[in-house]
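Novice: Let me begin by handing over the structure; questions about it come next.
The values are calculated or read from the model by the stated rules, or taken from the named source; none is laboratory data. Just so it is clear, the structure is predicted and the values come from calculations on it, not from any experiment. FYI the Cβ positions are ideal-geometry reconstructions off the backbone, even for glycines, and counts take in every protein chain you see.
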């Protein structure tokens, strides 16, 4: 006891002596908190305040034809006004496209990223990864135009499919929901592939080998080792795809035409054409809240799934004790 | 190193995966190939192929509106890369070196996270009135410049990406090197310049590249903040979509595509010379 008590009395003196070097580096490197000041100032001035303003506007109203916004009387009235029948139907159509698009991206990207991380030889992997990035470096709108050309009824694909007898009439996809779906999956696919690749790559060969050595088959290894390890990638991939996709309307305008109206377009119309900022802001709030709700529900489902699989997978070691 | 082990045996699953991989690559590249092919369309309408030739390139280069929108886009992208890299690097270093549980670090992480999950359209509509308030009503005139508006809004969008990349890059490295430099009498600035920055460099570069492309790609946000005379290239294309698309759009996009690839190839080459690894950079970007 006494031997442990003695050194305890000494450190204060020692600390005082070496104080300059023992200080957390943070406070010596200009002070990390001071270093964060410019970034803070930027996000406050160009993100928080403008966003707060939009929230505030959503409680305002449009006083007359020539004024976009007035906020002298505040109310929740713009919210029911924003949720007109056409908005609600567009809203659910958008949600359907986004959720389906996210799921399709995941289904396409999961085997692909697995292949890239596990089956492609390391020598070729850099090149393959760079190739995945290439569409990312071309303008997103231009890539969408590529699809517009391809899917058009008098385009080469349509002609070719008719000439080999796959189609009776011209290709009838452009300006439909299907075209929008193809386009969004295409545009957001790299955002799903990369985090998945990183996660699967990080899960490492050794764990998989250990799994094989312990007698697990390929399927079992994939389900019990690779997939759980890839989960963070799945989560970030889904977020990276779903969130921007839900607010996107460019792809839908190019490929969906009149039938490709998305919520983002309706919000933009309120600001650009109708000049009714209050209703537009209310719509934007509905979009943000619903996006967060879907993300929250997604997380809840994920947790539920994990709990269930953990139950199913738990190995009874002895007499049913998990 | 033994060439391959159990993983190399070609099972039907492997073959299936290989086919899937190749199909996904085809899917990713076909639209780009189509655009490149149609850039040689001599017709008047993009989607109608009427003879092979370079008409679109020639008339594209001679079209002042197109050229000025491309120049605007490139200027905005360079500006965005610079602004978001400076602010993002400072933020990333601060976050990586923050004492555990510091309120300003948690808060900054949360707010930057929020910028990432905010739909672009919402950023667009929030910038529009704000720029008018600050620039016109308060008389801070630089904010009335179209290019400044584009750069500020794009940088806001990509600042979080740079910050998180730089933070991730520095998180794995302990502070001993910086401590040692401090013990040896380096000033805070020298320490930052000679130790912290070189360590963070791959992350900073990755972040700068990301912000550059994000800015070059940005359509929705730009269409809200753009000012007359400063229409960026994607916004030009987007307005052309609603009227009539001419092959010039494809031609100029092909030019930009080739230039981007050349620039990236150059960056990759420099990195390899500097001992960096392209895979690492891409991973840093994606993580």
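Novice: Checking residue B:147 against (1) surrounded by 15 or more Cβ atoms within 10 Å (Cβ to Cβ); (2) not in a helix (DSSP H, G or I), which test does it fail?
Specialist: All conditions pass for residue B:147, except number (2).
Novice: So which residues in the stretch B:182-232 are more than 25 Å from the chain's Cα centre (by Cα) and more than 10 Å from chain A (Cβ to nearest Cβ), if there are any at all?
Specialist: The answer is B:184, B:185, B:186, B:187, B:190, B:194.
Novice: If residue B:101 satisfies all but one of (1) modelled with pLDDT under 90; (2) more than 18 Å from the chain's Cα centre (by Cα); (3) part of a helix (DSSP H, G or I), what's the number of the condition it fails?
Specialist: The single condition residue B:101 does not satisfy is (3).
Novice: Could you tell me whether any residue of the stretch B:183-196 is in a helix (DSSP H, G or I) and modelled with pLDDT of 85 or more?
Specialist: no
Novice: Going by what's in this entry, would residue A:127 be described as surrounded by fewer than 17 Cβ atoms within 10 Å (Cβ to Cβ), under 24 Å from residue B:21 (Cα atoms), more than 7 Å from every other protein chain (Cβ to nearest Cβ) and modelled with pLDDT under 85?
Specialist: Yes; evaluated as a whole, the condition is true for this residue.
Novice: Let me ask you something else. Of everything in the stretch A:80-118, what is within 14 Å of another protein chain (Cβ to nearest Cβ), out of contact with any helix residue (DSSP H, G or I) (no Cβ under 6 Å at 6 or more places or on another chain) and without any contact (Cβ under 8 Å) to a residue 60 or more places away in the chain? Give them in sequence order.
Specialist: A:107
Novice: Quick check, is residue B:160 part of a helix (DSSP H, G or I), at negative phi and modelled with pLDDT of 85 or more?
Specialist: Here the answer is yes, as residue B:160 does meet what is asked.
Novice: Which of (1) in a helix (DSSP H, G or I); (2) without any contact (Cβ under 8 Å) to a residue 24 or more places away in the chain; (3) touching a strand residue (DSSP E or B) at 6+ places or on another chain (Cβ under 9 Å) does residue B:20 not meet, given it meets every other one?
Specialist: (3)
Novice: Any idea which of B:265, B:276, B:207, B:203 is on the phi < 0 side of the Ramachandran plot, assigned to a helix (DSSP H, G or I) and at pLDDT below 80?
Specialist: Every option except B:265 fails the conditions.
Novice: Could you tell me which of the residues B:70, B:19, B:36, B:15 is within 21 Å of residue A:147 (Cβ to Cβ) and either within 13 Å of chain A (Cβ to nearest Cβ) or surrounded by 16 or more Cβ atoms within 10 Å (Cβ to Cβ) (or both)?
Specialist: Just one listed residue meets the conditions, B:36.
Novice: Among (1) facing another protein chain (nearest Cβ under 10 Å); (2) out of contact with any helix residue (DSSP H, G or I) (no Cβ under 7 Å at 6 or more places or on another chain), which single condition is residue B:91 missing?
Specialist: (2)
Results for (1) at pLDDT below 90; (2) within 30 Å of residue B:182 (Cα to Cα), shown as yes or no for each residue.
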position	(1), (2)
A:17	yes, yes
A:39	no, yes
A:45	no, no
A:86	yes, no
A:96	no, no
A:100	no, no
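Novice: Go through (1) more than 22 Å from the chain's Cα centre (by Cα); (2) within 10 Å of chain A (Cβ to nearest Cβ); (3) not in a loop (DSSP other than H, G, I, E, B) one by one and return the number of the condition residue B:49 breaks.
Specialist: With (1) more than 22 Å from the chain's Cα centre (by Cα); (2) within 10 Å of chain A (Cβ to nearest Cβ); (3) not in a loop (DSSP other than H, G, I, E, B) applied to residue B:49, the lone miss is (3).
Novice: Quick check on the stretch A:54-64. Is at least one of its residues surrounded by fewer than 18 Cβ atoms within 10 Å (Cβ to Cβ) and at pLDDT below 90?
Specialist: Scanning the stretch A:54-64 turns up at least one residue that is surrounded by fewer than 18 Cβ atoms within 10 Å (Cβ to Cβ) and at pLDDT below 90.
Novice: Out of the residues in the stretch A:28-37 meeting the condition of being part of a helix (DSSP H, G or I) and surrounded by fewer than 18 Cβ atoms within 10 Å (Cβ to Cβ), tell me which one is modelled with the lowest pLDDT.
Specialist: A:34
Novice: As an exercise: evaluate residue B:177 against (1) surrounded by fewer than 23 Cβ atoms within 10 Å (Cβ to Cβ); (2) at pLDDT 85 or above; (3) within 11 Å of another protein chain (Cβ to nearest Cβ) and give the number of the one condition it does not meet.
Specialist: The one condition residue B:177 does not meet is (2).
Novice: Might you check whether a residue that is over 21 Å from the mean Cα position of the chain (by Cα), surrounded by fewer than 16 Cβ atoms within 10 Å (Cβ to Cβ) and outside any helix (DSSP H, G or I) occurs anywhere in the stretch A:266-273?
Specialist: Yes: one or more hits.
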